2 protein chains.
Amino acid sequence: MDLPASAFPSPVHDHQDCVRAALDAAEAKCEQRGARLTSLRRRVLELVWTSHEPVGAYALLDTLKSEGQAAAPPTVYRALDFLIEQGLVHRLERLNAFVGCPRPEASHSAQFLICTACGRAAELDDPAIGQAVRQGAEARGFSVGRQTIEVEGLCADCQGTLQKK
Amino acid sequence: MDLPASAFPSPVHDHQDCVRAALDAAEAKCEQRGARLTSLRRRVLELVWTSHEPVGAYALLDTLKSEGQAAAPPTVYRALDFLIEQGLVHRLERLNAFVGCPRPEASHSAQFLICTACGRAAELDDPAIGQAVRQGAEARGFSVGRQTIEVEGLCADCQGTLQKK
DNA sequence: GGGGCGATGTTATGTTGTAACAACCGTACT
DNA sequence: AGTACGGTTGTTACAACATAACATCGCCCC
Ligand SMILES: [Zn+2]
Ligand SMILES: [Zn+2]
Ligand SMILES: [Zn+2]
Ligand SMILES: [Zn+2]
């Protein structure tokens with residue numbers, strides 16, 4: 001049996017690949033769905049992918065403004081709404097922040113691991129978890145819709161770092 | 001084998017019992033922990049228990065003010081912080097709202113069912129869910145801390161109501 | 001060219017949460 | 001009694017997050 005890889009990317013991975021892959025996948029998915037990935041929306045998606053740390057709407061806004069883009073809160077929130085609608089971005093409720101979806105192809109009820117040390121968030125797409133939730137809820141007569149699952153803790157890299165101290 | 005009861009109280013239950021039980025349990029737990037359940041904190045807890053619908057901090061604030069209590073946002077947030085600290089109240093991240101804990105005796109990583117029809121939230125304390133999350137996360141090298149699990153859907157009562165239409 | 005429509009710009013405002021400091025209040029020690 | 005202390009509450013100001021409402025733009029179609 002294989003150990004699942006860490007949900008977090010290596011600290012030294014080629015992040016430009018992440019960004020390229022995300023933008024390519026976004027283009028493809030929008031094309032397929034007949035949605036318009038305008039240059040503003042594309043740019044916001046790219047900014048969300050600046051790192052694997054969830055980013056707040058106003059941080060995106062500041063960046064856009066610093067680039068000379070005319071921007072106000074609705075500018076950013078509308079772009080984010082679109083990206084979330086298309087499944088390209090997820091919102092982290094605990095953080096009021098947004099993170100790019102690494103697997104926008106497949107629709108999923110995302111679960112997130114949030115490292116309190118490095119601030120990164122990783123998506124955990126574990127059917128067993130969704131299943132356990134569904135089972136527990138339905139056993140009590142509750143009809144399950146959207147699930148919000150966000151787990152704080154320490155990623156493998158940060159555990160190592162802290163141990164060495 | 002028994003079917004677990006619905007996590008939601010019956011629409012016709014004696015809610016005053018809920019409130020009394022919650023306040024009694026709070027007194028006991030604070031006593032035991034050496035924490036001071038002041039009259040303000042007690043009143044805020046009682047207000048949180050006004051119904052099984054999560055309530056926003058500013059709604060609590062308005063009520064306090066309408067009762068002649070000197071109150072500003074910190075008044076409410078400090079009381080809520082205390083109550084959460086003592087495990088008497090939980091915060092629902094998706095709603096930015098607060099709900100009383102029905103079982104403050106036992107510490108637990110709470111999971112919530114939120115009915116989008118009636119607005120009520122119920123606590124689901126299913127060890128299998130926490131276990132599944134822990135397992136999925138740890139298999140990927142993530143050390144689990146606090147879990148946030150909030151499930152939107154329809155409670156049994158509201159499913160019935162909607163079907164009859 | 002004009003009408004329709006989705007995207008974006010703009011202004012204003014609503015909602016949620018916190019920082020910082022002052023005042024108060026019980027308790028314990030003198 | 002006086003007084004020093006720590007925890008609670010009052011008060012003011014502000015920060016952070018989000019949306020309503022309406023104007024404008026640009027494109028496609030007729
Ligand atoms: Zn990356
Ligand atoms: Zn980390
Ligand atoms: Zn009740
Ligand atoms: Zn319901």
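The values are calculated or read from the model by the stated rules, or taken from the named source; none is laboratory data. From a predicted model like this one, the values you see are computed outputs, not experimental measurements. Neighbour counts are summed over all protein chains in view; Cβ atoms, including those assigned to glycine, are modelled from backbone coordinates with ideal geometry.
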Open item on the list: Condition first: within 16 Å of ligand 1 (Cβ to nearest atom), closer than 30 Å to B:VAL133 by Cβ, within 14 Å of chain B (Cβ to nearest Cβ) and at pLDDT 95 or above. Can you find one or more residues in region A:39-57 that meet it?
Closed with: yes
- [ ] Look at B:ALA28 and say whether it is within 24 Å of B:GLU105 (Cα to Cα), more than 16 Å from ligand 4 (Cβ to nearest atom) and small (Gly, Ala, Ser).
- [x] yes
TODO: Among residues belonging to region A:4-23 that are surrounded by 15 or more Cβ atoms within 10 Å (Cβ to Cβ) and assigned to a loop (DSSP other than H, G, I, E, B), point out the one that is modelled with the lowest pLDDT.
DONE: A:SER6
TODO: Could you grab me the full set of residues in region A:11-56 that are of a type in the set (Val, Ile, Thr) and either under 20 Å from A:ALA70 (Cα atoms) or under 15 Å from the mean Cα position of the chain (by Cα) (or both)?
DONE: A:VAL19, A:THR38, A:VAL44, A:VAL48, A:THR50, A:VAL55
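Scan region B:94-101 and tell me whether some residue there is under 25 Å from B:ARG43 (Cα atoms), of a type in the set (D, E, K, R) and within 16 Å of DNA strand D (Cβ to nearest atom).
Yes, because at least one residue in region B:94-101 is under 25 Å from B:ARG43 (Cα atoms), of a type in the set (D, E, K, R) and within 16 Å of DNA strand D (Cβ to nearest atom).
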- [ ] Please go through region B:93-116 and pick out each residue that is among the small types (Gly, Ala, Ser) and at pLDDT 95 or above.
- [x] B:ALA97, B:GLY100
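For region A:30-39, which positions are within 14 Å of DNA strand C (Cβ to nearest atom) and part of a helix (DSSP H, G or I)?
Within region A:30-39, A:CYS30, A:GLU31, A:ARG33, A:SER39 qualify.
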Open item on the list: Given the criterion within 14 Å of ligand 1 (Cβ to nearest atom) and either out of contact with any His (no Cβ under 8 Å at 6 or more places or on another chain) or not small (Gly, Ala, Ser) (or both), identify the matching residue among A:PRO11, A:PRO73.
Closed with: A:PRO11
Open item on the list: Among the listed residues A:GLN69, A:GLN86, identify the single one that is in contact (Cβ under 8 Å) with a residue 60 or more places away in the chain and within 14 Å of DNA strand C (Cβ to nearest atom).
Closed with: A:GLN86
Open item on the list: Consider region B:119-158. How many of its residues are more than 7 Å from chain A (Cβ to nearest Cβ) and without any contact (Cβ under 8 Å) to a residue 60 or more places away in the chain?
Closed with: 8
TODO: Kindly indicate whether B:PHE112 is crowded, with 21+ Cβ neighbours inside 10 Å, closer than 18 Å to B:SER51 by Cβ and in the same structural domain as B:GLU27 (by TED's automatic domain parsing).
DONE: no
TODO: Kindly provide the set of residues from region A:142-165 that are assigned to a strand (DSSP E or B) and polar (S, T, N, Q), ordered by number.
DONE: A:SER143, A:GLN147, A:THR148
Open item on the list: Given (1) within 16 Å of DNA strand D (Cβ to nearest atom); (2) more than 30 Å from B:GLY160 (Cβ to Cβ); (3) buried (at least 22 other Cβ atoms within 10 Å of the Cβ), identify the lone condition not met by A:VAL151.
Closed with: (1)
Task: B:GLU105 being surrounded by fewer than 21 Cβ atoms within 10 Å (Cβ to Cβ) and farther than 24 Å from B:ASP24 by Cβ - done: no
